[in-house]
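Scroll down for the structure; my scribbles are underneath it.
The values are calculated or read from the model by the stated rules, or taken from the named source; none is laboratory data. Given the structure is predicted, the values throughout are model-derived calculations rather than measurements. Every residue, glycine among them, receives a Cβ derived from its backbone with ideal geometry; neighbour counts consider all protein chains shown. Ligands, DNA and RNA are excluded from the accessible area calculation, which covers all protein heavy atoms including side chains. Shrake-Rupley method; radii C 1.70, N 1.55, O 1.52, S 1.80 Å.
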Amino acid sequence: MKIIHTADWHIGKMLGGFSLLNDQEYFLDGLFTLMENERPDALIIAGDVYDRPIPSGEAVGVLNRFLSRAILQLKVPVLMAAGNHDSRERLSFGSELLSSAGLHIAGRLSAHPRKVTLSDKLGPVHFYLLPYVDPPAANGLFPEPSARTFQEAFDKAAAPILADADFSERNVLVCHGTFCRTKQDGVQAAEESVGGADLVDLRQYRDFDYIAAGHIHRKQNIASNMRYSGSILKYSPNEHSLSPSVTVLTLGEKGTLSIEERTVPILRDLKVVKGFFDRLIDREEPDKDYVFAILEDRELILNAALRLREKYPNLMGLSYERSGEERPHDLTAQKAREKSLPELFCDFYEYVNGEEIPPKQLAAVQKMAEPGKGADQ
């Protein structure tokens, strides 16, 4: 059985004042083309379908158009679990009715988690859809004993799945959260903590043939049969080095799994450019990608963002970063009261620029600080 695993679509995302809806729809058009070519037996969306609990009408329209084409034209079942950005109730609306058409949604946590069984020539594959789990949600469903950690909450919510699953057959778990797994049976697993108190160890779920995880935007394996597919686009300047893709997995006979990556065309890349203003603006053709600029100039550039947009029309943000060693700043309130205004200004100038204030500017500051003088003089 061939399955495409995706996650973290964040439809409706705004970044740097720009709506990414056009970029997301462009990606989904490419995903549809990939599905036409690959002819998968199922598509997984492992949470954070939308970027916020109450999505805009335009965001709902983007998702609706894609799902309609995937399910009605290609006849590919879609398996969707809610993430922490989604509204469980809104995502669940009409889920029973939609399931008959091939759209299987797990929005709300349930004492009987949604199970979807698909079959190929080798037999059934059982998909268990588990929405994002936190202690309040788990305790609302299973009040005793009270879950204090994300591990306890996840284990409580997943207990009915473990009780139901027949591990002599093929099983897939779809979930959303911060997961890891320790070394087990000689498998090098993701042991580094990528979160904090919300970290969940999946070692007791190792008997699933595949675990499709969402939440972490960097694609990575948790273990040989557990994977984050990553987000479909870059959603922050910290993600500019990522290379988004989708995961294509094939389940053969029990215990046989192959995993591959497929890239999907994007409308615009997201990049970070760094350097002196004159160098960044010295380009012949405008850069149409999304750009965060970091200027290394010591002096502030007048109207820097406005001027950079002539060459970077999709400039999302601008900041300054002066090179050099980190300068200590230990000025206390007591010390500040003992200094004159020119001395304070000189300290501030040196801290920001890493050098002493020029004599001409120092003279201007001293003149302004004289009694009866002001900025207008």
Can you pull out every residue in the stretch 218-271 that is in a loop (DSSP other than H, G, I, E, B), over 15 Å from the mean Cα position of the chain (by Cα) and free of Cβ contacts under 8 Å to residues at least 12 places away in the same chain? Thr256
Being modelled with pLDDT under 95 and of a type in the set (A, V, I, L, M, F, W, C) is the filter; apply it to the stretch 107-132 and report the residue that is nearest to Ile71 (Cα to Cα). Leu109
Could you tell me whether Asp287 is among the acidic types (Asp, Glu), modelled with pLDDT of 85 or more and in contact with a helix residue (DSSP H, G or I) (Cβ under 6 Å, 6 or more places away or on another chain)? no
Could you tell me whether Glu239 is among the acidic types (Asp, Glu), more than 15 Å from Trp9 (Cα to Cα) and touching a strand residue (DSSP E or B) at 6+ places or on another chain (Cβ under 8 Å)? no
Out of Thr263, Thr247, Thr256, report the one residue that is open to solvent by 50 Å² or more (accessible area, probe 1.4 Å), among the β-branched types (Val, Ile, Thr) and farther than 23 Å from Asn314 by Cβ. Thr256
Please go through the stretch 256-272 and pick out each residue that is of a type outside the set (Val, Ile, Thr) and out of contact with any strand residue (DSSP E or B) (no Cβ under 9 Å at 6 or more places or on another chain). Pro265, Leu267
Can you say whether Leu34 is at pLDDT 95 or above, part of a strand (DSSP E or B) and either of a type outside the set (Ser, Thr, Tyr) or crowded, with 16+ Cβ neighbours inside 10 Å (or both), as far as the supplied structure shows? no
Residue, farthest from Val125 (Cα to Cα), within the stretch 37-61, restricted to residues that are charged (D, E, K, R) and assigned to a helix (DSSP H, G or I): Glu58
